[in-house]
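A short worksheet on the structure shown next.
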Amino acid sequence: GAGPDGAGFQDPNHIFAADLDLFGPGSLFQLVCQAGTRAGKETLARWLAAPAPPAVVRGRQSAVRELVPRLDLREEVTLLGMRFQAGLHAAADRDLLAAWLASPPVLASRTARVAAFALAALAVPAVLGWAVWGTGPSPLAAVLFGQVLLRLRLRKELRPVFALAGDAAADLDLLAAALRRLEKEEFTAPRLQELRRALDAGV
């Protein structure tokens, strides 16, 4: 009777979920769920509600057997997952973050990318020229003016980025910490090796 019961995953039209008490108070979901994030709970719900091929089931079981003795790893990832979930106040927040991560680059135009890079690169020598070399504020003013013009030109595209970037930063820091922790591990179970290679490849 403790922990999430997965009642939100209950489908009244599911062929066997109700008969096997997969979701709800006192359910199998509540018994086995240790997920600290919404995504983890959704994954467990999918696994319980849909059959998998025997090879997939054996792969999952092999992965679980390897993870059982790695208590430190499981505790650290669990704590990071709980912190990550605490930063997302609702499922809608998680969906917004996922959409932001999957969205295409704002500066799709090569010209805009080159201009942004050039203005950022020119800012450093302009500041040094004024502060160290005595060239005066004119070069820096020209760079800042160019940056203002570029931002005005791209303000419609940049507005949603600025709105989401601040909220996403803390969540991305936690996600990056979890990924860094997993990247330190070496696994022998084929399924864990597959997931580990996906981290290395950035998939």
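The values are calculated or read from the model by the stated rules, or taken from the named source; none is laboratory data. Keep in mind that what you see is a predicted model, and the values were worked out from it rather than measured. Surface accessibility is based on the protein's heavy atoms, side chains included, excluding ligands, DNA and RNA. Shrake-Rupley method; radii C 1.70, N 1.55, O 1.52, S 1.80 Å.
Remarks
- Measuring between their Cα centroids, the stretch 115-154 and the stretch 30-74 lie 53 Å from each other.
- Per residue, in Å², the accessible surface of the stretch 109-149 once ligands and nucleic acids are set aside, probe 1.4 Å: 70 Å²
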